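Q: Okay, here's the structure, questions in a sec.
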Amino acid sequence: MGDFTVRTADRRDATLTQQAVDDLAGRLRGSVLTPESAGYEEARKIWNAMIDRRPGLIVRCAGAADVMQAVRFARENGLLVSVRGGGHNIAGNALCDGGVLIDLSGMRFVHIDPMNRTARVAPGATLGDLDRESQAFGLAVPVGINSTTGIAGLTLGGGFGWLTRKYGLTVDNLLAADVVTADGRFLRADQDENADLFWGIRGGGGNFGVVTSFTFQLHQVGPTVLAGLIVHRFDQAGDLMRRYRQVAAAMPDEAACWVIMRKAPPLPFLPAEVHGREVMVFAVFHAGDEEAGWKALEPVRALGQPLGEHVGPIPYAAWQSAFDPLLAPGARNYWKSHNFTRLDDGLIDLLVEQAGRLPSEQCEIFVGQLGGVANRVPADATAYPHRDAEFVMNVHSRWANPPEDNACTMWARDVFNKAAPYATGGVYVNFITDDEQRVQAAYGANYERLAALKRKYDPTNMFCVNQNIAPAG
């Protein structure tokens with residue numbers, strides 16, 4: 001039997017015996033992996049290939065009881081802890097070096113109650129898992145736009161996508177959650193029970209415990225929606241975005257239009273000579289009656305003469321996975337993000353200029369349209385505070401090879417810095433990279449309340465491998 005070198009919560013090296021690891025494994029339905037175990041290298045892979053960390057132990061949980069055991073083991077041994085759901089976080093917070101990774105990725109059940117229109121979802125489930133199950137009943141939860149994203153990280157940060165304007169953020173549709181706190185307790189959190197914790201997990205990230213189950217409100221959506229892409233010449237981008245502002249402001253809640261500037265993928269409805277060249281894309285969506293949808297989207301379709309258009313009825317679940325090929329795991333990714341209440345002329349000019357010098361074939365700038373129902377919720381109703389944001393920009397730098405790291409990250413930072421004067425100062429917590437210190441910007445006026453909540457539920461800051469909220473002093 002050998003001993004294992006691990007990392008403690010205060011970032012010191014310590015030793016665990018093989019017997020201690022075996023004892024933990026014997027208390028689990030799941031399994032424990034060490035760096036010498038078969039499957040360890042695969043288990044530590046996450047979506048963003050920029051992140052390369054080596055946990056000392058990986059506890060692959062099969063249920064809530066395993067999570068409780070893992071948390072208690074980490075607390076008793078004073079170990080550094082990270083928690084993995086889908087492993088999709090841009091900052092790579094699923095992984096820690098040397099500590100204990102509590103791996104929830106095997107917990108993927110989704111249970112739909114079509115009568116009460118609720119979904120109970122495990123933390124390892126992806127958006128695709130949830131969409132497939134709920135769409136069997138013509139139901140959906142407002143979630144993100146990439147089907148491989150994990151439901152846990154998305155929800156704990158807020159969660160927005162195509163249905164946000166109609167039904168609010170993901171956290172606005174969270175009814176309850178089961179949470180294992182830092183002391184190993186299993187708590188129910190909803191509006192009536194542990195209501196303060198329920199408030200905190202709706203946007204406060206993984207700061208307060210490990211969620212082992214989410215219960216969501218479902219809404220009638222699909223199975224067919226009206227959606228698609230309208231692709232324009234890049235030299236028209238500035239004029240189109242200026243006119244887009246008025247169209248976006250007049251859109252009904254059922255509709256959304258996002259703007260993407262990037263090099264054109266080889267889409268079959270585009271002329272071959274456009275492939276690989278800069279374009280401006282309107283991604284449009286309408287959840288509701290098809291005739292009403294065509295009417296709602298017509299003002300966008302009437303903006304200019306597109307290079308190509310592919311808009312029509314499509315299964316909601318198919319639209320939810322339409323962008324997956326552009327967000328596949330294994331690439332190197334670096335993001336910078338701002339929130340905006342409006343798109344000023346200067347901002348539009350800046351974004352068009354910067355999109356004209358993309359450092360790789362996969363880089364893009366997107367501007368997502370928010371507003372609607374999400375912005376009618378008070379800023380202090382949930383931990384997520386950005387109820388004034390009408391648009392969110394993500395400078396999505398993505399590339400294949402390490403030698404491109406500097407050019408791609410510097411481009412993203414340059415766009416971010418130049419766009420800052422037009423922004424609210426707030427940021428969506430799930431878009432913060434691992435080199436940023438923007439936690440207070442993520443929570444604004446809610447930060448002090450969150451810090452007090454952290455002191456109550458995690459006073460020693462066990463859950464610190466995240467966009468960390470320090471316990472109030």
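The values are calculated or read from the model by the stated rules, or taken from the named source; none is laboratory data. All of these numbers come straight from a predicted model, not from anything done at the bench. All Cβ positions, even for glycine, are placed from backbone atoms using ideal geometry, and neighbour counts span all protein chains on display. For the accessible areas, the whole protein counts, side chains as well, though only heavy atoms, and no ligand, DNA or RNA atoms are used. Shrake-Rupley method; radii C 1.70, N 1.55, O 1.52, S 1.80 Å.
Q: Hey, could you check the stretch 58-79 for residues that are without any contact (Cβ under 8 Å) to a residue 40 or more places away in the chain and surrounded by fewer than 23 Cβ atoms within 10 Å (Cβ to Cβ) and say which is farthest from Glu42 (Cα to Cα)?
A: Glu76
Q: Can you tell me which residues in the stretch 241-294 are buried (at least 22 other Cβ atoms within 10 Å of the Cβ) and in a helix (DSSP H, G or I)?
A: Met241, Tyr244, Ala248, Gly293
Q: Next question. Among the residues of the stretch 5-28, is there at least one that is part of a loop (DSSP other than H, G, I, E, B), in contact with a strand residue (DSSP E or B) (Cβ under 8 Å, 6 or more places away or on another chain), open to solvent by 10 Å² or more (accessible area, probe 1.4 Å) and among the charged types (D, E, K, R)?
A: no
Q: Related question: Can you tell me how many residues within the stretch 62-86 are polar (S, T, N, Q) and assigned to a loop (DSSP other than H, G, I, E, B)?
A: Within the stretch 62-86, residues that are polar (S, T, N, Q) and assigned to a loop (DSSP other than H, G, I, E, B) number 1.
Q: Which residues, taken from the stretch 1-28, are touching a residue at least 24 places away in the same chain (Cβ under 8 Å) and over 18 Å from Leu80 (Cα atoms)?
A: Correct list: Arg27, Leu28.
Q: Ok, one more. Right, Ala445: touching a residue at least 24 places away in the same chain (Cβ under 8 Å), of a type in the set (A, V, I, L, M, F, W, C) and out of contact with any strand residue (DSSP E or B) (no Cβ under 6 Å at 6 or more places or on another chain) or not?
A: yes
Each row is one residue, and each column tells you yes or no for (1) in contact with a Phe, Trp or Tyr (Cβ under 7 Å, 6 or more places away or on another chain); (2) open to solvent by less than 10 Å² (accessible area, probe 1.4 Å); (3) under 30 Å from Gln305 (Cβ atoms); (4) in a helix (DSSP H, G or I).
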{"residue": "Phe160", "(1), (2), (3), (4)": "no, no, no, no"}
{"residue": "Ala176", "(1), (2), (3), (4)": "no, yes, no, no"}
{"residue": "Glu193", "(1), (2), (3), (4)": "no, no, no, no"}
{"residue": "Leu197", "(1), (2), (3), (4)": "yes, yes, no, yes"}
{"residue": "Phe216", "(1), (2), (3), (4)": "no, yes, no, no"}
{"residue": "Val231", "(1), (2), (3), (4)": "no, yes, yes, no"}
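Q: In this structure, does Arg449 turn out to be open to solvent by 30 Å² or more (accessible area, probe 1.4 Å) and farther than 24 Å from Trp162 by Cα?
A: Yes; evaluated as a whole, the condition is true for this residue.
Q: Further question on the same structure: Pairs only if they're at least six apart or on different chains, beta carbon under 7 angstrom, first in the stretch 280-298 and acidic (Asp, Glu), second crowded, with 24+ Cβ neighbours inside 10 Å and assigned to a strand (DSSP E or B); list them, first residue then second.
A: Pairs that qualify, where the first residue is acidic (Asp, Glu) and the partner is crowded, with 24+ Cβ neighbours inside 10 Å and assigned to a strand (DSSP E or B), are Glu290/Leu226.
Q: Tell me whether the stretch 455-463 contains one or more residues that are under 22 Å from the mean Cα position of the chain (by Cα), part of a loop (DSSP other than H, G, I, E, B) and aromatic (Phe, Trp, Tyr).
A: Among the residues of the stretch 455-463, at least one is under 22 Å from the mean Cα position of the chain (by Cα), part of a loop (DSSP other than H, G, I, E, B) and aromatic (Phe, Trp, Tyr), which makes the answer yes.
Q: Within the stretch 87-94, can one find any residue that is open to solvent by 30 Å² or more (accessible area, probe 1.4 Å) and either out of contact with any strand residue (DSSP E or B) (no Cβ under 7 Å at 6 or more places or on another chain) or part of a strand (DSSP E or B) (or both)?
A: yes
Q: So Ala119 fits all but one of (1) within 20 Å of Arg11 (Cβ to Cβ); (2) not in a loop (DSSP other than H, G, I, E, B); what number is the exception?
A: It fails just one condition, (1).
Q: Just to verify a result, which residue in the stretch 29-57, among those that are more than 15 Å from Leu79 (Cα to Cα), of a type in the set (S, T, N, Q) and in contact (Cβ under 8 Å) with a residue 24 or more places away in the chain, is surrounded by the most Cβ atoms within 10 Å (Cβ to Cβ)?
A: Asn48
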